[in-house]
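So the structure is just underneath, and the comments pick up after that.
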Amino acid sequence: MKVSPFPAAAEHELANVQLRRNLRAATDTIQSKRARVVAELPDWEALRDAGSEIKADVLARLDELLVEFETAATAAGAHVHWARDGAEAGAIVARIAREHDVDEVVKVKSLTTDEIQLNDVLATAGVRAIETDFAELILQLDGDWSSHILVPAIHRNRTEIRDLFARTIAPGIVSDDPADLAEASRVYLRERFLRAKMGVSGANFGIAETGTVCVVESEGNGRMCTTLPPVLVSILGIEKLLPRFDDLEVFLQLLPRSSTGERMNPYTSLWTGVTSGDGPQELHIVLLDNGRTRVLRDEVGRQALHCIRCSACLNVCPVYTRTGGHAYGSVYPGPIGAILTPQLIGIENASSLPYASTLCGACYEVCPVKIDIPRVLLHLRAEAVRARGRSAERLTMRIVGWTFESARRFTLAQRVARTAQTPFARGGLVRRLPPPLSGWTRSRDLRAVAKTSFRSWWAGR
Amino acid sequence: MRIGLFVTCLGDTLYPETGRAVVTVLERLGHEVVFPAEQTCCGQLHANSGYPDEALKLVRRFESIFGSYDAVVSPSSSCVGHVRELAPELAPRVFELSELLVNRLGVEDVGASFPHRVAYHPTCHSLRVTKVGDAPLRLLRNVRGLELVPLERAEECCGFGGTFAVKNAATSSAILADKCDAIEASGAGYCTAVDGSCLLQIGGGLERRSGGVRALHLAEILAATESA
Ligand code: SF4
């Protein structure tokens, strides 16, 4: 998989007026709700430190914790599978479906399953995966894909959704009232929940000590998927582990406040193995690598694996809030996507993503697990430069560096620039420049090189 | 006190008046300012673009030029933040102008007069990396005749981001448009900040819009002695 270059993709998205208006309104709302509930907690910074430390500990001891998790989960009656990549994970889920003669599964909203394109893999195996999260359902019905981690259909408005429902699950629906739209999806989904023989979920957390899986959600559809069908398959990225059950105390405070700006999320489901006569009678847990052990090898980059997918960094990002998620061309958009995707799929396949940031640092400021996103971005930019090898930019940067290493050369360069700008400068401003600098002058004037530089003024003082 | 002035490559070339204003303010307060002529660039451009080796070379060069001063001052908070990170030994002696005045020299009133409405844009690096806090605001509040007007979404980025402004020109322009809207809506005649690079972006956007609002570095306001 290769991500198409961000600058052009972003330019395309920026032209979508509806998208920009929706994004601004939605991210503003979530952002200020988040700020309000975070400000309520006197120990927020201590919680962030704790979250970051627990995650760092998990990554340092991942090998033992995974085995501990497998042992505990197996003892509680779960079947644990290990998947090196998306293809292996998909094959495992498809096989389980086949063994149970299942051709339809109900799904909890899950980025991990999107990452491995599980729905497509299942479709090839003759199994229909039904998304049950309201927004995910909308996207699935329309063959569209998510543009926000938390609000996947942030780029859609309610009239569009009404029209879509009229074409698909609710022929004849005329109202675009949110309650009516929700009711239409409810009627459609209830039927699927009740007949489903198999549910598929991702996970927010897995507890090594107990083998417990945890899903945090708002709508309750997730709980339907994880409790009604007799067979349940949960796919866990290996970085989702927490050492102890008590660690949830930290993360169940950090996540909802950062994510939806709520003190507590409406539904937190936890399950440990199987319980006779209650809930699914067969539980499979797939532990997924898919590039994560490679990320783990990079000392600077590995902190991206701390991410709890709260999406707070998206909502404060000056880039994301203008372009939306599709411009990033990956399942993980925004600042976290810019540092995680290139590491998961290889920098050569997503080399423009680390540059899709102004380095403003707003993401780092809100991240509940203190991922130093700007630092990782710089680290990945250096890798992108290395991977690209010889290039015009590299040569230019070398020459610029060499010029800066001598005041004499720098002074000469100032003089050359002053002469070179003559055809473009008027009244101390440059209004048009040739490519690649035309990128600047498309929306901005450029201050011209001064007649007298500071250094010559100082020298003549 | 003998203060070394790091005027920055951008300031030296495009905004000499900012550097001159720093000299004016500090000399007015009775300090000796020295401009070491060997200086060029701190290496931030290279560090932010993925060339850490070149960046480190330039930071080392900076250290050898400024190592002997009691204090180093620069009108660019992002350069200060960059130097502090890569030259930890020098870090306690390197200041952005407002930090030097308020925190090191304990001055909040520099005897300036600027009878205009001014909006202050806290740049991302001054806010989150260099952490100058409210030092610029304390100085502005003591400028005679100056009316400080609130700026909507003040803490949001202006969209500059170094090479981002050219590499991702469309996105950078979209972010800038919102910043310029907010500045124009504030009713200010001037927008000020403590980073020449952000002022290059904001000023360039404001000039292009011809709305009659100008971008001006904090140092130039502090140097002004205009009467109403
Ligand atoms: S990087 Fe941090 S802020 Fe962004 S989604 Fe992950 S945990 Fe949340």
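The values are calculated or read from the model by the stated rules, or taken from the named source; none is laboratory data. Just so we're clear, the structure is a prediction, and the values are computed from it rather than from any experiment. Here the Cβ is made from the backbone with ideal geometry for all residues, glycine too, and neighbour counts use every protein chain on show.
Here is how the numbers come out for the structure above:
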| item | result |
| --- | --- |
| Hey, residue B:11 within 8 Å of chain A (Cβ to nearest Cβ) and over 29 Å from residue A:375 (Cα atoms) or not | no |
| So residue A:106, is it buried (at least 22 other Cβ atoms within 10 Å of the Cβ), part of a helix (DSSP H, G or I) and touching a Ser or Thr at 6+ places or on another chain (Cβ under 9 Å) | no |
| Lone unmet requirement of (1) aromatic (Phe, Trp, Tyr); (2) under 30 Å from residue A:394 (Cβ atoms); (3) under 18 Å from the mean Cα position of the chain (by Cα) for residue B:120 | (2) |
| Residue match in region A:185-198 (condition: assigned to a strand (DSSP E or B), among the aliphatic types (A, V, I, L, M) and under 20 Å from residue A:109 (Cα atoms)) | yes |
| Among the residues listed as B:98, B:126, the single one being small (Gly, Ala, Ser), in the same structural domain as residue B:25 (by TED's automatic domain parsing), surrounded by 20 or more Cβ atoms within 10 Å (Cβ to Cβ) and touching a residue at least 40 places away in the same chain (Cβ under 8 Å) | B:98 |
| Among residues of region A:336-352, those that are touching a Leu at 6+ places or on another chain (Cβ under 8 Å) and either within 19 Å of residue A:12 (Cα to Cα) or among the small types (Gly, Ala, Ser) (or both), counted | 2 |
| Qualifying helices (runs of 4 or more DSSP H) (wholly inside region A:259-358; at least 1 residues being more than 14 Å from every other protein chain (Cβ to nearest Cβ), more than 16 Å from the ligand (Cβ to nearest atom) and among the basic types (Lys, Arg)) | A:292-297 |
| Hits in region B:139-179 - residues which are more than 20 Å from residue B:204 (Cα to Cα) and either touching a residue at least 40 places away in the same chain (Cβ under 8 Å) or among the aromatic types (Phe, Trp, Tyr) (or both) | B:139, B:140, B:143, B:145, B:146 |
| Some residue of region B:52-64 being under 28 Å from residue B:109 (Cα atoms) and crowded, with 22+ Cβ neighbours inside 10 Å | no |
| Selected residue [hydroxyl-bearing (Ser, Thr, Tyr) and surrounded by fewer than 24 Cβ atoms within 10 Å (Cβ to Cβ)] from B:197, B:186 | B:186 |
| Sole residue being more than 7 Å from every other protein chain (Cβ to nearest Cβ), surrounded by 20 or more Cβ atoms within 10 Å (Cβ to Cβ) and of a type in the set (A, V, I, L, M), chosen from A:377, A:395, A:412 | A:377 |
| Qualifying position, being more than 18 Å from residue A:10 (Cα to Cα), part of a helix (DSSP H, G or I) and modelled with pLDDT under 95, among A:365, A:393 | A:393 |
| Residue A:377 being within 16 Å of the ligand (Cβ to nearest atom) and assigned to a helix (DSSP H, G or I) | yes |
| Any hit, region A:170-180, residues being surrounded by fewer than 23 Cβ atoms within 10 Å (Cβ to Cβ), in contact (Cβ under 8 Å) with a residue 60 or more places away in the chain and in the same structural domain as residue A:57 (by TED's automatic domain parsing) | no |
| Flag if residue A:443 is surrounded by 12 or more Cβ atoms within 10 Å (Cβ to Cβ) and facing chain B (nearest Cβ under 7 Å) | yes |
| Selection count, region A:109-144, where residues are outside any helix (DSSP H, G or I) and in contact with a Gly (Cβ under 6 Å, 6 or more places away or on another chain) | 2 |
| Test: residue in region B:23-36 that is under 23 Å from residue B:162 (Cβ atoms) and either within 12 Å of chain A (Cβ to nearest Cβ) or not in a helix (DSSP H, G or I) (or both) | no |
| Every residue from region A:67-93 that is in contact with a helix residue (DSSP H, G or I) (Cβ under 6 Å, 6 or more places away or on another chain) and part of a helix (DSSP H, G or I) | A:90 |
| Test for residue A:138: is it over 23 Å from residue A:193 (Cβ atoms), touching a residue at least 12 places away in the same chain (Cβ under 8 Å) and crowded, with 21+ Cβ neighbours inside 10 Å | no |
| Residue within region B:128-139 that is among the charged types (D, E, K, R) and either in contact with a strand residue (DSSP E or B) (Cβ under 8 Å, 6 or more places away or on another chain) or within 27 Å of residue B:113 (Cβ to Cβ) (or both) present | yes |
